[in-house]
1. Express in nm, to one decimal, how much length is gained between Thr2 and Glu359 on full extension, taking 0.36 nm for each residue of separation and deducting their alpha carbon distance.
2. Based on alpha-carbon positions alone, could you give the equivalent ellipsoid semi-axes of the stretch 188-311 from the gyration tensor, as √(5λ), descending, whole Å?
3. For the stretch 1-62, what ratio Rg/Rh do Cα atoms give with a Kirkwood hydrodynamic radius?
4. Cα atoms only, the chain: Rg and Dmax in Å?
5. Pull up all non-local amide H partners of Asp3: gap of 5 or more, or a different chain, and H-to-H distance under 5 Å with H placed in the peptide plane.
6. For the stretch 16-79, what's the relative contact order in percent, using C-alpha pairs closer than 8 Å and at least 6 residues apart?
7. Residue by residue through the stretch 132-140, which ³J(HN,Hα) values in whole Hz follow from phi under the Karplus form 6.51 cos²θ - 1.76 cosθ + 1.60 (θ = phi - 60°), with glycine and proline marked x?
8. Compute log10 of I(q)/I(0) for the stretch 343-407 with the Debye formula, placing one identical point scatterer on every Cα and leaving out solvent, at q = 0.17, 0.25, 0.26, 0.28 Å⁻¹, to two decimals.
Amino acid sequence: MTDVWFAGGRLADGSGREPREVDVCVTDGVITSIGQAPAGAMTVDLDGRLLTPGLIDAHVHLGLSSPIRAQFGFELSAAEIAADIFATTGHTLDAGFTTVRDTGGIDRGVVDVIAKGKVRGPRVLTCGPVQCQTGGHGYYGAAWEPTELWNEHHIPGLFALSLMSGNADELQRNVREAFRRGATFLKLCVTGGVVGGHDRLADTQFTVDEIALAVQEAAARGTYVTVHAHNNAGIRNAVRAGVRCVEHGTDIDEPTAALMHEHDVAVVPTFAVIEQILSPQGMDVDPSAVHRVAGVRDRMASALRISRAAGLRIGLGSDLIGPHQQRRGEELRLRSELESPMQALVSATSVNAKILGLEDLVGMVRVGMQADMVAWQSDPLDDAKAFADPEMAVLVVKNGHVVKDIR
Ligand SMILES: [Zn+2]
């Protein structure tokens, strides 16, 4: 057991407390002491830099790392899709993210090869394939394709975007299938979406009874359901059915926020993907997405204010898709503009950890936690642009291992 002290920096521990000048001791991947490094200790010199917990992105799509239409048009080989996915997992670590929650797209094989250390990447939690109703959000195939063809787009062990259900029985079968394939939570699409092309943002999808069935299946395995939802009607259906978390939450109004608060339901706003769709170089999304995303940014900013006023637990997710996922920290920069850099950091660390159910493991630099940490070349709490620039995340530590060091 070797003690290594990360010394000479300032610590913002993820709780929201102002930075303080302390050293952090790591032993066997765990934070074992916070204070002053003893004389003669083995140290990593932070040279005055800000040290934060490793960032957490609560909404990623590692499996959508290739040009989208090419991927769903059978134009790319499994090798190319795999290469793109593993480039993204490395970029994610390099941007300072040590944990992500994949909200649809990867199969369990991706989680396992990262955990085994065969490819670079963050700790990954996954819902496996998204649950969507037949032709609803999460279906990226062409309208002419027979429904049965959809699962042929999957690459077992690597990639499976969604499972479609035409009724409650199929949904029950499909959520059990997601768990069989290694999901540790479930995601259902309960409204239309921006990217896809077969539905409208105002649509609701799945009935309250159907969503409740998935909640029951998740609860039986000690886990939870989160939902893709933009409009209030869909969010209210999901809250009534017992889900724990809402992704996007674009149109959350005061009554919906009050209902969410009453049921202790968290929200994960996703601003970076909106910026990405507004300037979609290389994403290869359906051009209708640009049209559909109009107005979403302002409405989501309003929903963020309403959610904050209602006292909701507000996480942070980038929802980046396509081949350019290097600047995952854009989500913190955008949230810093709307609130403050410290609020963005807290959402991306301790709050996200709580949403993921990992609050005893990661999300804070505290004795007993896994040593996931980032040292920043320039202080992102002074200028949040640093969050968005991977060059600024000069030292990244995951489970006590230095996985990036460009100091
Ligand atoms: Zn998403």
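What follows draws every value from the coordinates through simple rules; no lab data is involved. Just so it is clear, the structure is predicted and the values come from calculations on it, not from any experiment. All Cβ positions, even for glycine, are placed from backbone atoms using ideal geometry, and neighbour counts span all protein chains on display.
1. Numbers: separation 357, 0.36 × 357 = 128.52 nm, distance 2.54 nm.
This chain segment gains 126.0 nm when fully extended.
2. Numbers: eigenvalues 125, 60, 29 Å².
Rounded to whole Å, the semi-axes are 25, 17, 12.
3. Numbers: Rg = 13.2 Å, Rh = 12.6 Å.
Checking Rg against Rh, the ratio lands at 1.04.
4. Reported Rg and Dmax, both Å: 20.5, 71.
5. Those lying under 5 Å, H to H, from Asp3: there are none.
6. Values: 24 pairs, mean separation 10.7, N = 64.
So the answer I get is 17 percent.
7. Computed from phi, the couplings for the stretch 132-140 are 10, 7, 3, x, x, 5, x, 9, 10 Hz.
8. Summing over Cα pairs of the stretch 343-407 leads to -0.64, -1.14, -1.17, -1.20.
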